[in-house]
Amino acid sequence: MLDVADQICGEPQGRLKIGVPKAYGSQVLKTIIPSFLNTYSNVEIQLLVTDRTMDPFYDDVDILVTITDKPVESLVAVCLGDVRSVLCASESYIAKRGHPAHPSELADHDCLSLGESAFDNVWSFAKGRETASVTTSGRYIANHTEIRKDAVLNGFGVGLFPDFSVTDEIETGVMTQILADWSIVGKYQGQVNLQYPQSRYISPLVRAFVNFAKESLGAGAVQVS
């Protein structure tokens, strides 16, 4: 947790420990850390990067980054925005195998699943009142976003990604979003929250980082006082 000096001093100082999911930490949160450290010269940042569920007391962290529509109720939650899952394939794969027009057609495509559970290859979709579920298969299975993205870019099939991880690839045209008019139902998506223990006293360091993150990453930033 925070150093005692930070608890009694009005200026942000000391070490801030942040628990963050792997993909969001490596592709989003890391982009603001250098600027934050340059702004506050007496601050240290320690990132604990993991996809397991963390507890701020047991894991001794000051702030948790959670991606869920149901943040931990016992903690303060400051929303930075939303993450949604998207399906993508490379232009070369689509040219060879075609562009699926309905989720059911994914059964005839090579799909990259996470392999973290027995049902990770069952993908569920919704569009209005219509729902669809399809059991997918493929030759490449990986529970790492960058590895799956590399596999998709090399034409190994259709991959499931958090939207922030493939924005550049979609914008530049090296990857194409599949079934964009359908919502994907599943984990690893929802609100991006900065969460920390409730207290009458908010550490200057926690307050500074939350406000910095809101200004840098959040839409419609609201200052935390």
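The values are calculated or read from the model by the stated rules, or taken from the named source; none is laboratory data. As the structure is a prediction and not an experimental result, all values here were calculated from the model. Methodologically, a virtual Cβ is constructed for each residue, glycine included, from the backbone with ideal geometry; neighbour enumeration extends over all protein chains shown.
With respect to the numbered conditions (1) crowded, with 19+ Cβ neighbours inside 10 Å; (2) farther than 30 Å from PRO56 by Cα, which one is the sole condition not fulfilled by LYS214?
Of (1) crowded, with 19+ Cβ neighbours inside 10 Å; (2) farther than 30 Å from PRO56 by Cα, only one is false for LYS214: (2).
Take the residues of the stretch 102-114 that are modelled with pLDDT of 95 or more and in a loop (DSSP other than H, G, I, E, B): which is farthest from VAL174 (Cα to Cα)? I'd like the intermediate steps shown before the answer.
Filtering the stretch 102-114 down to residues modelled with pLDDT of 95 or more leaves 102-112.
Those left that are additionally in a loop (DSSP other than H, G, I, E, B): 102, 109.
On the way: HIS102: 22, HIS109: 19 Å.
For the stretch 102-114, the residue satisfying everything is HIS102.
Residue check: is THR172 within 12 Å of LEU87 (Cβ to Cβ) and either among the polar types (S, T, N, Q) or free of Cβ contacts under 8 Å to residues at least 12 places away in the same chain (or both)? Even if it seems obvious, please write down each step before you answer.
Working: within 12 Å of LEU87 (Cβ to Cβ): no; either among the polar types (S, T, N, Q) or free of Cβ contacts under 8 Å to residues at least 12 places away in the same chain (or both): yes.
Here the answer is no, as THR172 does not meet what is asked.
Tell me yes or no: at least one residue of the stretch 168-187 is crowded, with 18+ Cβ neighbours inside 10 Å, touching a Gly at 6+ places or on another chain (Cβ under 6 Å) and not assigned by TED's automatic domain parsing to the domain that holds ASN38.
No, every residue in the stretch 168-187 fails to be crowded, with 18+ Cβ neighbours inside 10 Å, touching a Gly at 6+ places or on another chain (Cβ under 6 Å) and not assigned by TED's automatic domain parsing to the domain that holds ASN38.
Looking at SER92, SER133, SER137, SER113, can you tell me which residue is over 23 Å from GLY25 (Cβ atoms), hydroxyl-bearing (Ser, Thr, Tyr), surrounded by 13 or more Cβ atoms within 10 Å (Cβ to Cβ) and in contact (Cβ under 8 Å) with a residue 24 or more places away in the chain?
Numbers: SER92 fails: surrounded by 13 or more Cβ atoms within 10 Å (Cβ to Cβ); SER133 fails: surrounded by 13 or more Cβ atoms within 10 Å (Cβ to Cβ); SER113 fails: over 23 Å from GLY25 (Cβ atoms).
Testing whether each residue is over 23 Å from GLY25 (Cβ atoms), hydroxyl-bearing (Ser, Thr, Tyr), surrounded by 13 or more Cβ atoms within 10 Å (Cβ to Cβ) and in contact (Cβ under 8 Å) with a residue 24 or more places away in the chain leaves just SER137.
Hey, could you check the stretch 73-89 for residues that are modelled with pLDDT under 95 and over 16 Å from the mean Cα position of the chain (by Cα) and say which is surrounded by the fewest Cβ atoms within 10 Å (Cβ to Cβ)?
So the residue we want is GLU73.
Would you mind listing the strands (runs of 3 or more DSSP E) fully within the stretch 163-218 where at least 1 residues are over 29 Å from SER74 (Cα atoms) and out of contact with any His (no Cβ under 6 Å at 6 or more places or on another chain)?
Details: elements: 175-178, 183-185, 190-197.
Here the list reads 175-178, 183-185.
Among the listed residues ALA142, ALA151, ALA126, which satisfies the condition of being free of Cβ contacts under 8 Å to residues at least 60 places away in the same chain, among the aliphatic types (A, V, I, L, M) and assigned to a strand (DSSP E or B)? Outline the logic, then answer.
On the way: ALA142 fails: assigned to a strand (DSSP E or B); ALA151 fails: assigned to a strand (DSSP E or B).
None of the other options fit; the residue is ALA126.
Would you pick out the residues in the stretch 188-208 that are without any contact (Cβ under 8 Å) to a residue 12 or more places away in the chain and either closer than 27 Å to GLY98 by Cα or crowded, with 18+ Cβ neighbours inside 10 Å (or both)?
Answer for the stretch 188-208, where residues must be without any contact (Cβ under 8 Å) to a residue 12 or more places away in the chain and either closer than 27 Å to GLY98 by Cα or crowded, with 18+ Cβ neighbours inside 10 Å (or both): there is none.
Return yes when SER117 is in a strand (DSSP E or B) and either modelled with pLDDT of 95 or more or of a type outside the set (Lys, Arg) (or both) and no when it is not.
On the way: in a strand (DSSP E or B): no; either modelled with pLDDT of 95 or more or of a type outside the set (Lys, Arg) (or both): yes.
So SER117 fails the test.
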